[in-house]
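The values are calculated or read from the model by the stated rules, or taken from the named source; none is laboratory data. Model, not experiment: these values are computed from the prediction. Here the Cβ positions follow ideal geometry from the backbone for every residue, glycine too, while neighbour counts run over all protein chains shown.
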Number of protein chains: 2
Amino acid sequence: MAVEESIFDQEMGKTPANHQPLTPLSFLAWAARVYPNKIAVVHGESTFTYREFATRCRLLASALKKLGISKGDTVAIMSPNAPPMLEAHYGVPMSGAILNALNFRLDGPTLAFTLQHCEAKILITDTEFSSIIKDALAHVTSDLLVIDIDDPLGAGGERLGEIDYDTFLSGGDYEFAQNINFWPTVVWPDDEWDAICLNYTSGTTGNPKGVVFHHRGAFLNAMGGLTVSALSKDSVYLWTLPMFHCNGWCYTWAVTAAGGTHVCLRQVETAQIFLSIRNHGVNVMCGAPIILNMILHAPETHKVTFDQQVTAYTGGAAPPSAVIAGMERLGFKVVHLYGLTETYGPSTFCAWQDAWDELGLEEKAQKMARQGVRYPTLFDQSIIDPETMEDVPADGKTIGELMIRSNTVMKGYLKNPTATDAAFAGGWFHTGDLGVLHSDGYIEIKDRSKDIIISGGENISSLEVEEALYKHPKIMEAAVVARPDEKWGETPCAFVTLVSDDATVDEADVIEYCRTRMASFKVPRTVVFGPLPKTSTGKIQKYVLRERAKELS
Amino acid sequence: MAVEESIFDQEMGKTPANHQPLTPLSFLAWAARVYPNKIAVVHGESTFTYREFATRCRLLASALKKLGISKGDTVAIMSPNAPPMLEAHYGVPMSGAILNALNFRLDGPTLAFTLQHCEAKILITDTEFSSIIKDALAHVTSDLLVIDIDDPLGAGGERLGEIDYDTFLSGGDYEFAQNINFWPTVVWPDDEWDAICLNYTSGTTGNPKGVVFHHRGAFLNAMGGLTVSALSKDSVYLWTLPMFHCNGWCYTWAVTAAGGTHVCLRQVETAQIFLSIRNHGVNVMCGAPIILNMILHAPETHKVTFDQQVTAYTGGAAPPSAVIAGMERLGFKVVHLYGLTETYGPSTFCAWQDAWDELGLEEKAQKMARQGVRYPTLFDQSIIDPETMEDVPADGKTIGELMIRSNTVMKGYLKNPTATDAAFAGGWFHTGDLGVLHSDGYIEIKDRSKDIIISGGENISSLEVEEALYKHPKIMEAAVVARPDEKWGETPCAFVTLVSDDATVDEADVIEYCRTRMASFKVPRTVVFGPLPKTSTGKIQKYVLRERAKELS
């Protein structure tokens, strides 16, 4: 016997009047309609209003369509945080294509691998990166049309393609691009589950994986970011975070959704950062911890003052108390975010609790060091024992793996169902990050699975030791890894970079400093001074340090 | 030959890790996790934290499930803006049921019609409305379990059912309700297209229509409202708008999504409004224009002062300049919204443009009188010629019908496919409202189709004449309708209510006042003084006035 259909399902199917795919492209249509004369993009002395910005994006879409680009094709871009990069986030998917924003810190062969893996048909590339792209192209065997961006604000460089970006744009259909009515003039996703872009993870070993985003997730994570950072038409966002990094943590779309202003920045350079903040009234920005360190340790001559407060969202490592306090003195409010490429960038934020207002700096920093709670658009996250798939107790001690399930988790890894299935085993996305759940519901990441040091049978969180090292006034950066040891199995080995070359600190000083701040088995037995090896996205390459630590033995 | 699947669709289907139905129920799970100790609900001297509020909602869900309520059942509630009404917005759908929030201004037979039409199994009813509900129940022939709310802050009244609300709640499974992990303990929608609630329109003729909302639309319109009104954890929302009115324009869910505070209000009474604003730090509220008028014309003794600014969202008619200015003097910022039950409440808002800061009061009011631009979550709206289905020119003159297509348009009318199909004809939701599109992209409603007056072949917008009348310092409310006329076909007839009984204004004064403010053919030929007939949702019943105007002839 058939189950009777509920009266609430009878003859109430989806129609174009009440169902449309969610897509962040709709934010540009909205901003161009609501704030056509407002400044959308600032680039040096030039500005584009939302009307102009939308027109440029649609010219790009139109020009791509004229080339035969259509649904399911891939268009790659290699660009610093300049207008074409922002335009590509709208113009490319508006042609029906999928955007691959390349990491400009990668090497030629790796770039060639990603271009071929995602079957890119077009590469838009800023001449600043011509030498690395030339190297990449030498390894690419498939057909790839190259379009050069020759930005007057750039340092210049060889042109590699047949056409430059502005000429290409001017070949678009201007009438199409001018039409205030977006819907009939752009290629809209058939389904919000359609891919909008892909981002390659910079994986420390093996080939990078292509993380595919869909329109639904990009729309929702942008809305989540807008909510968490209270973006509005009065938001002025400084592009210190590379847009290739999870599409600028979805702020490429979120700032537009609020009708705010994007301030481009080709080079992350402290004089420019401070001047942009003062001259354009910047009030929000994002960046890895190294950006905060750069700002904090900028030459005094760069540190021009400004009246507004700038909220600086940071992720990748907990902001140490010294950084929080120093940034506050300069006019910045630091907020800790957490996320992964697989979660469209930020998924978790350290929501401020009014009760924390009363705390002293160190206690505040301890609260703020935690990754925190989920975005309102994140369906669920939990610290789970990966063996039993049970939640760990909320005791702030029991370590488990952070797992997430949400509409803002990637569609999957491109052409890699094995990796996709492994990542989604048991109905949860396995982040690979180990952490604890505090009694107030805040999560705190203790380490990547492979970064835990086991010494004499005791687990040592390398993050905990690093956090202590970061508080040392003369230490700029620190990373702690396991060094093999006959007696203890492993001992902690610290690699540190000092604030300046003439700082005088030796191994004994550092060890003594740690001894007063942690259990003795956690104190580094070895301290190595010098610059730290990093991935193209600025993450410290612990596997390189692990090799070095082995060689010390 | 099969079309080759895109590489971006291969083996990247939906899994529980990356796809979950959108639902506003997730906002409560979020707020209970992020702000468990924050005040969620204020009711007189009592408060509930988010942890307590969430527990109560889940107790309600659990108690309903114990009664056998399951997916597709309907639970109705008759309540003022008190905690059980808010709890029903979460607890009822968390049991799998659909919520029908009843309009407490309706009469018994109409209520009986809606209860039977939506096949309600349970009715939760505040004793304040016992006499009207008793009348309704006398007309209901189906089985209906009645639960009484006997609110100590209420005026009291007869109990009609076998159990009272608090006892019913205490029968829920407390362990289930306490579990911090929401997902396994509540009935989640299988699909975001599932119905979450229905609201009956108060239609001026014929039986009311049951407008069905789904989880997807409720989630999105709440996010839209949150964005437009910049709700945050610091928002304190005063419930002046009845929650039965499109679920409080989705603020029942939006305030929770921001972690803000709901301040309940059983009676819309000016002394209470002002005291709530001062005592609880209210900074946002919604209401029909009559609420603004009440506040403005409140006795001076009620008008206690407060430090914060309160944003007052209003819809249903344009706020006249005198109201805007008067409210500003009292500490309120007025924002004009527009929407319909079929669009989950507000779909459109009059976004402020920085350039308007420079305008004088009258010019500002003219800008603000327009319904404006779409919510960022509204897919599209347009003023369309219903004959040709073409957009009208953006000239501020050509009248067309406002049409909308969006994920935030209703699922359909319950058991009324004919009305649903008519409303969605041509892939657009037909609002029935006539308006123009201005060159800046703002829409302005000129009238309901049937409210246009045609005099000597010229169209007269009754709204335009009313707007002029509202500016008269001694006129509190005004409505203009067509009066049949042998010579002109129709002439404008004004019905007005004066600010106070002892105001002295006569017909000649009003006509003279209008003559200096509009083309002579638009000036009312007849003016009638007295109270205006209204629907249960506070809308002026023009059809009643049209009948009266006929009788004058």
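General observations
- For residue B:248, the conditions (1) outside the structural domain of residue B:91 (by TED's automatic domain parsing); (2) not in a helix (DSSP H, G or I) all hold with the exception of (2).
- Residue satisfying all of: in region B:384-408; within 8 Å of another protein chain (Cβ to nearest Cβ) and not charged (D, E, K, R); nearest to residue B:339 (Cα to Cα) among these: B:404
The rows are residues; the columns are (1) modelled with pLDDT under 95; (2) more than 27 Å from residue B:11 (Cβ to Cβ); (3) not aromatic (Phe, Trp, Tyr).
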site: A:424; (1), (2), (3): no, no, no
site: A:434; (1), (2), (3): yes, yes, yes
site: A:443; (1), (2), (3): no, yes, yes
site: A:449; (1), (2), (3): yes, no, yes
site: A:455; (1), (2), (3): yes, yes, yes
site: A:460; (1), (2), (3): yes, yes, yes
site: A:463; (1), (2), (3): yes, yes, yes
site: A:467; (1), (2), (3): yes, yes, yes
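- Contacts under 7 angstrom Cβ, first residue in region A:57-75 being closer than 15 Å to residue A:188 by Cα, partner at pLDDT 95 or above and of a type in the set (Phe, Trp, Tyr), 6 or more apart: A:57/A:90
- Residue A:216 vs. criteria crowded, with 20+ Cβ neighbours inside 10 Å and either within 11 Å of chain B (Cβ to nearest Cβ) or more than 15 Å from the chain's Cα centre (by Cα) (or both): yes
- Selected residue [within 28 Å of residue B:407 (Cβ to Cβ) and surrounded by 19 or more Cβ atoms within 10 Å (Cβ to Cβ)] from B:63, B:40: B:40
- Single match in A:254, A:230 (criterion: free of Cβ contacts under 8 Å to residues at least 12 places away in the same chain and within 14 Å of chain B (Cβ to nearest Cβ)): A:230
- From the options B:36, B:109, residue that is more than 14 Å from chain A (Cβ to nearest Cβ) and either more than 16 Å from residue B:196 (Cβ to Cβ) or modelled with pLDDT under 95 (or both): B:109
- For residue B:318, the requirement of being in contact (Cβ under 8 Å) with a residue 40 or more places away in the chain, assigned to a loop (DSSP other than H, G, I, E, B) and among the hydrophobic types (A, V, I, L, M, F, W, C) is met.
- The number of residues in region B:434-443 that are touching a residue at least 60 places away in the same chain (Cβ under 8 Å) and more than 8 Å from chain A (Cβ to nearest Cβ) comes to 4.
- Residue that is surrounded by the most Cβ atoms within 10 Å (Cβ to Cβ) [pool: residues in region B:69-104 that are at pLDDT below 95 and more than 14 Å from chain A (Cβ to nearest Cβ)]: B:103
- Residue count, region A:252-285 (criterion: at pLDDT below 95 and of a type in the set (D, E, K, R)): 1
- Qualifying residue in region A:233-242 (condition: more than 15 Å from residue B:223 (Cα to Cα), buried (at least 24 other Cβ atoms within 10 Å of the Cβ) and aliphatic (A, V, I, L, M)): yes
Residue-wise test of (1) in contact with a strand residue (DSSP E or B) (Cβ under 7 Å, 6 or more places away or on another chain); (2) in a helix (DSSP H, G or I); (3) touching a residue at least 24 places away in the same chain (Cβ under 8 Å); (4) not acidic (Asp, Glu).
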{"position": "A:105", "(1), (2), (3), (4)": "no, no, yes, yes"}
{"position": "A:109", "(1), (2), (3), (4)": "no, yes, yes, yes"}
{"position": "A:124", "(1), (2), (3), (4)": "yes, no, yes, yes"}
{"position": "A:128", "(1), (2), (3), (4)": "no, yes, yes, no"}
{"position": "A:133", "(1), (2), (3), (4)": "yes, yes, yes, yes"}
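- Single unsatisfied condition, residue A:255 versus (1) over 29 Å from residue A:535 (Cα atoms); (2) within 20 Å of the chain's Cα centre (by Cα); (3) of a type outside the set (S, T, N, Q): (1)
- Residues in region A:15-53 that are hydroxyl-bearing (Ser, Thr, Tyr), touching a residue at least 24 places away in the same chain (Cβ under 8 Å) and assigned to a loop (DSSP other than H, G, I, E, B): 2 in all.
- Among the residues of region B:154-170, those identified as of a type outside the set (Phe, Trp, Tyr), surrounded by 14 or more Cβ atoms within 10 Å (Cβ to Cβ) and touching a residue at least 40 places away in the same chain (Cβ under 8 Å) are B:154, B:169.
- Residue that is farthest from the chain's Cα centre (by Cα) [pool: residues in region B:190-213 that are more than 9 Å from every other protein chain (Cβ to nearest Cβ) and among the aromatic types (Phe, Trp, Tyr)]: B:213
One line per residue, one yes/no per condition, for (1) within 11 Å of chain B (Cβ to nearest Cβ); (2) more than 22 Å from the chain's Cα centre (by Cα); (3) acidic (Asp, Glu):
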position	(1), (2), (3)
A:410	yes, no, no
A:419	yes, no, no
A:426	yes, yes, no
A:445	no, no, no
A:451	no, no, yes
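- Residue check, residue B:323 farther than 18 Å from residue B:105 by Cβ and surrounded by 17 or more Cβ atoms within 10 Å (Cβ to Cβ): yes
- Qualifying residue in region A:261-281 (condition: touching a residue at least 60 places away in the same chain (Cβ under 8 Å), within 14 Å of another protein chain (Cβ to nearest Cβ) and buried (at least 21 other Cβ atoms within 10 Å of the Cβ)): yes
- In region B:74-83, the condition of being part of a helix (DSSP H, G or I) and out of contact with any Pro (no Cβ under 8 Å at 6 or more places or on another chain) is met by at least one residue.
- When A:381, A:371, A:353 are checked against the criterion of being within 14 Å of chain B (Cβ to nearest Cβ) and touching a Gly at 6+ places or on another chain (Cβ under 9 Å), a single residue qualifies: A:371.
Every residue, every condition in (1) over 29 Å from the mean Cα position of the chain (by Cα); (2) over 17 Å from residue B:375 (Cβ atoms); (3) crowded, with 23+ Cβ neighbours inside 10 Å, yes or no:
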position: A:9; (1), (2), (3): yes, yes, no
position: A:13; (1), (2), (3): yes, yes, no
position: A:19; (1), (2), (3): yes, no, no
position: A:54; (1), (2), (3): no, yes, yes
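- Residues that are under 22 Å from residue A:256 (Cα atoms), at pLDDT 95 or above, of a type outside the set (Lys, Arg) and assigned to a strand (DSSP E or B) do not occur anywhere in region A:287-304.
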